[in-house]
1. Probe radius 1.4 Å, ligands and nucleic acids left out: which of ASP218, ASP332, ASP28 has the largest accessible area, and how do the rest follow?
2. For the range 1-154, just the Cα set please: Rg and Dmax, both in angstrom.
3. Just order 90-102, 479-491, 496-508 by mean Cβ neighbour count inside 10 Å, highest at the front, would you?
4. Just how much of GLU86 is accessible, in Å², when a 1.4 Å probe is used and the result is rounded to the nearest 10?
5. Would you be so kind as to identify which of ILE288, SER164, TYR220 lies farthest towards the positive end of the dipole of the range 148-307, taking Lys and Arg as +1 and Asp and Glu as -1 on Cβ and the Cα centre as origin?
6. Starting from the Kirkwood Rh over alpha-carbon pairs, what translational D in µm² s⁻¹ does the range 310-388 have by Stokes-Einstein at 25 °C and 0.890 mPa s?
7. I need the fraction of alpha carbon pairs in the range 329-450 separated by more than 27 Å, rounded to a whole percent.
8. Please list the radius of gyration and Dmax for the range 179-231, considering alpha-carbon atoms only, with Å as the unit.
Amino acid sequence: MIVLTIQNLHKAFGGNVVLKDVSLTLQDHQRMGLVGVNGCGKTTLLNILAGREHADGGSISLMKGMRVGYMEQQYQVQGDSTVFEELKQVFEPVFAMEEKLRALEKEMSAASEIELKRMGETYARLSDAFEKADGYAWKSSIQGVLAGLGFTKEQYDQPARLLSGGELTRLCLAKLLLQKPDLLLLDEPTNHLDLSALDWLEHYLSEYKGTLLVVSHDRYFLDHVCTHISELLLGTLEQYTGNYSSYMTQRAERFEIRMRAWEQQQKMIAREEAIIARYKSFNREKSIKAAESREKRLEKVERLERPEDEHQVRFRFEAKRRTGDDVMFIRDYSKSFGDRTLFQNVNLTLRAGDRVALLGPNGIGKSTLLKCLMGEETPDTGSVRWGANVDTGYYDQKQEGLHPEKTVLDEVWDAFPRLEESQVRGALGLFLFTGEDVFMPIHTLSGGEKGRVALTKLMLHKDNLLLLDEPTNHLDMDSREVLEDALESFEGTILAVSHDRYFINRFATRVAVLTENGIKEYLGNFDDYMAKLQWEQAQANQDPRFAEMTRTEAGKEKRKIRLAKEQLKALKEAARQAEKTITDTEEAIERQEALMASPEVYTNPDKAAAAAKEYQRLKDALAQAYTDWEEAEEALAEATEG
């Protein structure tokens with residue numbers, strides 16, 4: 001079922017055409033990732049779909065009754081509501097339904113038989129709606145989403161206006177997820193999330209019942225959540241089936257097919273033009289007519305446009321010399337700021353060719369550790385010993401080493417004064433700085449452009465040990481792919497801080513997790529690290545009684561325990577159901593007593609007799625419910641003691 005259709009949409013800002021011919025079809029339950037280079041119009045398209053901006057032309061058709069939810073990047077909180085109260089607002093319609101239910105119950109207790117039947121139908125419909133809207137579980141729904149997105153219980157009662165920018169973005173996402181719109185529009189939802197929150201969000205969206213259109217640079221997220229990908233390229237949109245990795249394969253194949261078709265047509269055109277020129281050179285009536293006939297046929301040929309791709313960064317890292325086998329030894333490093341200890345007892349060894357991803361929670365000191373190694377910070381304790389011939393290159397995620405007032409050309413040329421201007425401009429050209437671009441002052445550049453300047457300098461240094469701090473931040477996805485290709489062919493050693501799980505999977509052969517009390521290492525890339533964590537968790541949860549058993553014996557014992565747990569769960573459920581039956585029956589008896597006391601019943605012998613009969617049936621049911629409850633509680637007590 002098609003839920004959204006976009007046809008020939010176009011949008012320009014002044015003379016800058018952002019969207020020129022965008023068409024898209026979105027099916028129910030699809031989870032589509034929207035990708036493209038920075039500035040290609042992804043957020044603009046979402047804003048148009050959300051009604052925040054108007055298109056200059058084209059049409060948008062949304063299935064009737066669709067509820068659209070859009071995640072705002074700049075979320076504003078009104079008043080002094082707490083974090084919990086801010087999310088509680090989502091359930092105000094549910095609370096209104098609950099009030100109607102309570103009011104109906106009071107009316108039903110004094111209603112006639114005819115009115116009772118009519119009210120009962122209304123009550124049943126309202127109860128169903130209340131249950132579907134999470135009326136019985138609204139509190140646990142809020143707590144689950146808050147916990148999943150990394151909010152602590154202490155923050156529940158904190159005024160929402162005091163949250164940081166990143167926390168407000170997460171609160172906006174939480175509110176949107178609780179609303180459960182039919183079409184969910186998300187713009188970079190993984191920003192400001194740690195690994196556990198990312199994992200939670202991926203699982204949540206993978207099971208989402210509605211339709212999803214998401215803009216994200218997180219390729220790991222797109223791989224694990226999306227069923228389709230759409231790419232905004234040169235103002236138009238192209239759709240692909242599958243996740244991000246599948247899209248990359250299909251995209252390369254499509255480009256090659258188009259390029260091959262264009263090249264073949266160009267050869268055909270060149271061949272025809274050569275024949276026409278040859279016929280004309282004969283300067284005879286017959287040959288001139290043949291040339292004119294061929295020219296007419298050639299004019300009717302629909303010319304294919306040369307396939308274009310957005311400009312990509314293209315470079316590679318080289319090392320001017322080789323290191324020895326030993327590259328770096330960190331021993332007993334620690335660092336504090338005031339009373340706050342970032343890390344201590346840090347020990348790490350790098351050998352030639354190692355590719356290590358440095359992970360850890362935000363604020364643990366990963367960037368500070370790199371700064372200590374570069375001499376920009378001083379550790380409180382410990383030492384670092386370098387191997388022979390080690391040349392260290394450093395990529396700072398904040399680009400604090402760049403000079404704001406220098407031009408792009410001077411920033412690079414001043415660092416390498418022995419190079420000719422043409423060599424510096426050639427290197428900058430690899431990073432898309434061409435023509436007048438090289439004269440732009442550093443302070444006017446975007447985060448991605450500053451990153452490309454820093455990468456240009458890093459490439460020219462030709463160091464054999466690279467210390468990289470969040471190198472994929474601010475880079476578009478194509479640039480990240482090229483960076484990964486460059487690191488893949490690099491023959492030196494790499495230590496990189498990164499939250500980019502796709503990037504870690506591409507380059508890392510070892511994961512080092514920084515904690516307050518040192519570093520714990522895992523072989524492999526990010527997926528290997530996560531698998532190891534899950535195994536460790538399973539081992540930690542394993543009952544120690546299995547330690548001395550054979551696998552067969554342990555399996556039998558586990559089955560016994562599982563059956564016992566299932567039996568205990570069934571007994572608890574039976575006791576709960578019996579207790580609920582008692583409550584429901586007692587309420588029914590109260591309503592029946594009120595009915596029997598009404599004049600139109602006790603003055604009518606037939607109605608009075610029927611009411612008395614129903615009353616006795618309810619009393620008998622209540623007695624049986626108490627018996628069932630007592631038996632269930634007794635069985636539960638025995639099982640618990642056992």
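1. Details: ASP218 20, ASP332 85, ASP28 55 Å².
From most exposed to least exposed: ASP332, ASP28, ASP218.
2. Gyration radius and largest Cα-Cα distance of the range 1-154: 22.4, 72 Å.
3. On the way: 90-102: 14.2, 479-491: 17.3, 496-508: 22.5.
The peptides rank, most packed first, as 496-508, 479-491, 90-102.
4. 10
5. Result: ILE288, furthest along the dipole toward the positive end.
6. Working: Rh = 14.6 Å.
Approximately 168 µm²/s, per Stokes-Einstein.
7. Working: 2848 of 7381 pairs.
In whole percent, the long-distance tail amounts to 39.
8. For the range 179-231, the Cα-based Rg and Dmax read 10.6, 28 Å.
The values are calculated or read from the model by the stated rules, or taken from the named source; none is laboratory data. Given the structure is predicted, the values throughout are model-derived calculations rather than measurements. No Cβ is skipped: glycine too gets one built from the backbone with ideal geometry, and neighbour counts run over all protein chains shown. Note: areas computed on protein heavy atoms with side chains; ligands, DNA, RNA excluded. Shrake-Rupley method; radii C 1.70, N 1.55, O 1.52, S 1.80 Å.
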